[in-house]
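Contents: one structure, followed by commentary.
FYI, it's all coordinate maths here, none of it is from the lab. A quick note: this is a predicted structure, and the numbers were derived from the prediction, not measured. Every residue, glycine as well, gets a Cβ built from its backbone with ideal geometry; the counts of neighbours run over all protein chains shown.
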Amino acid sequence: MCKIIDKTCLSPTATLEQHLMWDDIAILARYMLMLSFNNSLDVAAHLPYLFHVVTLLVATGPLSLRASTHGLVINIIHSLCTCSQLHFSEETKQVLRLSLTEFSLPKFYLLFGISKVKSAAVIAFRSSYRDRSFSPGSYERETFALTSLETVTEALLEIMEACMRDIPTCKWLDQWTELAQKFAFQYNPSLQPRALVVFGCISKRVSHGQIKQIIRILSKGLESCLKGPDNYNSQVLIEATVIALTKLQPLLNKDSPMHKVLFWVAMAVLQLDEVNLYSAGTALLEQNLHTLDNLRVFNDKSPEEVFMEIRRPLEWHCKQMDHFVGLNFNSNFNFALVGHLLKGYRHPSPTIVARTVRILHTLLALVNKHRNCDKFEVNTQSVAYLAALLTMSEEVRSRCSLKHRKSLLLTDISMENVPMETYPIHHNEASCRTLRENQPWSSPKNSDRHLAANYPTVGQISPRTRKSMSLDMGQPSQANTKKLLGTRKSFDHLVSDTKAPKRQEVESGITTPPKMRRVAENDYEMETQRISPQQHPHLRKVSVSESNVLLDEEVLTDPKIQALLLTVLATLVKYTADEFDQRILYEYLAEASVVFPKVFPVVHNLLDFKINTLLSQCQDPNLLNPIHGIVQSVVYHEESPPQYQTSYLQSFGFNGLWRFAGPFSKQSQIPDYAELIVKFLDALIDTYLPGMDEEISEESLLTPTSPYPPAVQSQLSITANLNLSNSMTSLATSQHSPGIDKENVELSPTAAHSNSGRIRHGSASQVQKQRSTGSFKRHNVKKMV
C-alpha cells in the first residue's frame, strides 16, 4: 500500500480517485481491513505506517471505502489492546478503551465521511457490486475539510503517545513524522495538503529550513491561482500551508524573527477574501499573538511597534498590499488591523466569529499591556478594538459609557425591583447608579423570559453560555447575576473561560506545550493597586464606568482617528441586520454626531440608505430615537460647511475600510491579488530566511531516515509480511541508495527515546479546555464543509 501511494507522486492528479492506481489502492485498503482482524497487520511493527495510510485515505472514495478506513482504525485500536507483543499499563489500556468509544461517536462518523450511515461495519461489508464500486463516477464525492483532518490526526497522535509512554525506547512518532514530512515537501495535489497538516500536527521540532519550504509551497499555491479559474486544489494547498505554519510556530526558537514575520503572513492570507482561507488566517493570527505574548514581546512594546519594526525591510511590498485592500497600516496600525478582523463577523461559521472576538479581546489587552493601564481605558490605540467589540461584549459596553446622551432603551423597564446590593460597595453612590441605569446594555430586567421574547438568539451561542464574565468594577456580582438582565449577545465568556491553543518553543530538543496563560486580565482591583498617577503621569486615570467615555473629544483629538472610529461604527451598522446591535450602534453614532460634528459627514454615505429605510419602516421607538438624534444633529450643523467629506478616508489610505469589512466576495479575488503576495513572500524569504536550504537537503526531504518497518517476525504468513511490511519510502530509497540491502536493514520498535512528557497539541482552530488524563472528550469539532 505504501509503495503504491508513493508512486502516485510520479504522475500526480487533482484527486486520488482520478489516479490510474486508484483501484489498486482501494483494493489494498479493503485487504488491510480484512487483515486488521486478530492483529494480522502486526501493529507493533507497523503502527506509524498504518496511521500514515489512514490520514491519507480518511474520507476518500465511495461510502463503503470510507467505512472501511474507519473500521481499520477501530481494528488497529483493538489490536493495540490485545497485542501480546506489547505490554501497556492499566492507564494506557483505559485510554485505548476510551478511544474506541470516541471513534464510534457520531462526530467521528462525520469526520470520516460516513455521517449518514447507522452502522459503519454494515456499510464496509456491502455485498452489492454497485455499492462496492471504486469508480469515481459511481458515487458522490464529499468535500473533506482540512480542519477535520486535524481532529483525526490529533486523536491518532494521542493514542500513539499514550502507548509510547510504556515503551521507553519507542520510535513510532519519529517514523510517522518522517513519512508525513516526505509527502509534505513533494508535489502531489491529492495528498500534499493532507501531509502538510499531519506534519504540522505531529512534529516536535522545526527548523527555519522547513519553514522556508512551507512558505515556498504557499507561494507556489498562490502562483497556481493565477493560471485559471479552477483553483480549488490551489486553495486547499494554501490552507494546508497556513495550518502547518500555525501548528509549527510555537516550536520555533524563541529568538527567531519568524515569530513576528508570520503576523504579516496571516494578514496576507486574510486579505485573500476567501471563506476557508480566512478561517485559517485567523487561526494563524491568534496563535501568533499568543506565542509572542508568552515570549513577553509585548511587555515593553506595543503590537504596533513590534510588527511595524519587522515589516520595514518589506515595506515596498507591504505598501502595495495595503493599497490593494484600502487599509493602510502605516497611517494607523490598529484601525487597519480592525478592518481586517471586522470581516470575521460576516463569516458563516459561528466558530470563526467567536475566534474573531477572542482575537479582538486579546489585542485590546496587548495594546495597553506595556502602558500598565486598565484594559478598557480609552486611548488612541485601544479605541479601535473597543469600537469593534461594542456589539459583541457587554463588558466593553458597560465600561465605555455615553457622555452626552441618555438612552431611551429603559423607557419600558421599571428600576424599582433592582436590588442595589448587586452593585459593588464602592459604587453605591446615587450618581453612579444613575449613570449605570442610563446604559442600554447593562440594565436589569425582571426575567429572562422577557429577554427571550424581545431579543431572538444569535448564531449558535447557547443562552446558557451568553452570560458576561463581569469585572468587579461597575458590574453585577456573580452571586446575583440571575437577578439581572443577561445581555442578549456577549462573547466575553470566550476570553475568560477558554485557553487559547499553544505549543511551547523547543528547548533541549523537548517540547511540552504548557497551559495557555490567560492574556486578558480580568482582575480590576489588581490593576488599580499596581498603577499610580505618580509612576505614570502621562496616563489617564484607570477606566471606570462613569469617566471612561468611548467618544471623548479630549482624548481622540486627531481627526483621522475620529473619522476611522465613526467609519467602524457606521460599517458595523451597515452590515448588521440584528435589531439589538443596531440600537447599540445608533446610540453611539448619535453621540458621535454631537461630539464630532465636523467629522461626522465622512460617514453620511454609509448611513443614508439605512437611516431612510428605518425612518420609513421601523416602528420601534427605542431604535428611532437615536436616529432622530442623528438627523437633528446633521440638520443643525448643515449650515456650516463640513471640513471633512467622504473622500477624507482616501487621503490617508483607508478608502477600503467599509468595503473590506463587508461580506465575503462570491467571486474569488485571489487571481487579482496573488501576484502581490507572491512577491511579498519571495522578499520575506530573501530577508529573513536566507541560506536556510542547507538545513534540509533534498534527499533528506525525500527519504526518511527509517524507511522500513521493523523486521520483527509475527504470526503473519510470509506472503502477508512481504506485501504489507514495506513502507512507502522503500521505492524512493532504492532509487537514491541502490546499494542498500533491504533485507539487512534492522530496526527495532524500541530503538529510540520516548517523549513521555509531551502533551497533545492544541489546535488554534479548536480552542478547548485542558483535559484530564485519559479523557477523550472533545469540543467544537468543526463539521466538514
Open item on the list: Counting other beta carbons within 10 Å of each residue's own, what order do Phe108, Phe652, Phe609 fall into, fewest first?
Closed with: Phe609, Phe652, Phe108
Open item on the list: Students often get this wrong, so check it: of Lys3/Lys254; Lys204/Lys666; Lys93/Lys116, which have C-alpha atoms separated by over 32 Å?
Closed with: Lys3/Lys254; Lys204/Lys666
Task: Alpha carbon Rg of segment 300-401, scaled by the compact-globule rule 2.2 N^0.38 Å - done: 1.12
Task: Semi-axis lengths, Å, segment 283-330, gyration tensor of Cα atoms, sqrt of 5 times eigenvalues - done: 23, 13, 9
Open item on the list: Just to confirm the filter: which chymotrypsin sites (Phe, Trp or Tyr not before Pro) across segment 157-245 are DSSP coil and have at most 13 other Cβ within 10 angstrom of their Cβ?
Closed with: Tyr187
TODO: Give the distance, in whole Å, between the Cα centre of segment 302-373 and the Cα centre of segment 234-280.
DONE: 14 Å
- [ ] Any of Lys319/Lys369; Lys182/Lys301; Lys182/Lys260; Lys7/Lys343; Lys403/Lys610 with alpha carbons more than 31 Å apart? Name them for me.
- [x] Lys182/Lys301; Lys7/Lys343
Open item on the list: To make sure I understand, if each residue's beta carbon is the centre and we count other beta carbons within 10 Å, what order do Ser633, Ser398, Ser616 fall in, fewest to most?
Closed with: Ser616, Ser633, Ser398
Open item on the list: Through the Karplus equation 6.51 cos²θ - 1.76 cosθ + 1.60, θ set to phi - 60°, convert the phi angles of segment 248-258 into ³J(HN,Hα) values in whole Hz; use x for Gly and Pro.
Closed with: 8, 4, x, 8, 5, 4, 5, 8, 5, x, 5
Task: Vicinal HN-Hα couplings computed from phi for segment 172-185 (Karplus, 6.51 cos²θ - 1.76 cosθ + 1.60; Hz; Gly/Pro x) - done: 4, 5, 4, 5, 5, 4, 5, 5, 5, 5, 4, 6, 5, 10
- [ ] Using the Karplus curve 6.51 cos²θ - 1.76 cosθ + 1.60 with θ = phi - 60°, work out ³J(HN,Hα) for each residue of segment 564-578 in order, rounded to whole Hz, and write x for Gly and Pro.
- [x] 5, 4, 5, 5, 4, 5, 5, 5, 4, 5, 4, 9, 9, 10, 7
